[in-house]
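Each remark here refers to the structure printed beneath this line.
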Amino acid sequence: MKGSSLGYLTKEGFRNVWVNRLMSLASVTVLMACLVIIGLGAMLFFNINALLDTIESQNVIMVYIEDGTTDEQIDDLNKNIYALGNVDDCIFVSKEEAFENSKKELGEDSALLEGMENPMPDAYKVVVSDMTLFKQTVNGLKGLEHIENVRENSDVADKLIDIRHAVTIVIAGMVLLLFIVSLFIIANTIRITMFSRRLEISIMKAVGATNWFIRWPFMIEGIIIGIISSAVSFGVLAGLYYGISYIFQDMLNLFQPVAFGQYAGYIFLLFAVIGMFTGSVGSLFSMGKYLKEQGSVISEN
């Protein structure tokens, strides 16, 4: 296909969008709705992930050190804990600090501990990096020297892992379903456009136009619809997310929603890819099917 022909056909694709503006508007509206729902699902996933990360960071492992362990041995233990891997942080909690914390937790009843000998051992508060390796990390800690006891909550860790997997599967399924719906919408829009121009297509075939010569304007039309939908959807999603965050800000005191700007680039790229892909592939699929039904597919030159 020559450059002049390509330029002409590209202009035809832009013209098709305007000539069939009612159908284009309908396609943009429905595709926009799909993309906005996908975007909200993605932001929900990011927020749930952030919430789970916050909970996971609080699900620490307490490693209690044997009495009589020297300062040098405690320092070596710190190095050995980090050497296990999957350790995000390892904080030393002295027995004096632990005893003072216990007094603060008792509040007015802390007077009961006055004069009592400090029963608390030195300890390390260990924060893991990957919750899926939680049990493996616990077993590694139990095998270290100078460890009296390890306190952990593997049940909570298992539940957090299950929740994360379930959320990932549900969001991925929703995105896939809406992606298929978007593809179907674009394909049917282009198909209606082709039906309205069936006489023009028949004439082009009669004078020897190749399949790609006919397909190109419709593919450009689909891509334009996809790009417009992605741009509009991004703006609508941003407004909705900020609005929802503002409305529920009083109810979310325990958790700060993730900032939209933090993921704006990924969301815009996702919308652009989905919009252009569904536009081009939907157009090609619909056009190929139409030409076959009309019995007008010929070999490429």
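Here is the list for the range 44-88: GluC sites (Glu not before Pro) lying in DSSP coil, each with at most 16 other C-beta atoms within 10 angstrom of its C-beta, are E66. The H on the amide N of I65, modeled in the peptide plane, is under 5 Å from the matching H of D122, A123, Y124, E148, each at least 5 residues off or on a different chain.
Listed peptides 129-140, 267-278 appear in the order 267-278, 129-140 once ranked by packing, highest mean of other Cβ atoms within 10 Å at the front.
Pairs exceeding a 18 Å alpha-carbon distance, out of K79/K125; K79/K159; K11/K205: K79/K159; K11/K205. Taking Cβ atoms as reference points and 13 Å as the exclusive limit, the residues near F92 contribute a net charge of -4, counting Lys and Arg as +1 and Asp and Glu as -1. Taking a quarter of the surface of the Cα convex hull of the range 16-90 gives a mean projected area of 8.4 nm². Once the Cβ-Cβ distance of I203 and F179 is raised to the sixth power relative to R0 = 51 Å, the FRET efficiency obtained is 0.90.
FYI, it's all coordinate maths here, none of it is from the lab. Quick caveat: nothing in here was measured; it's all calculated off a predicted structure. Neighbour counts run over all protein chains shown; Cβ positions are idealised from the backbone, glycine included.
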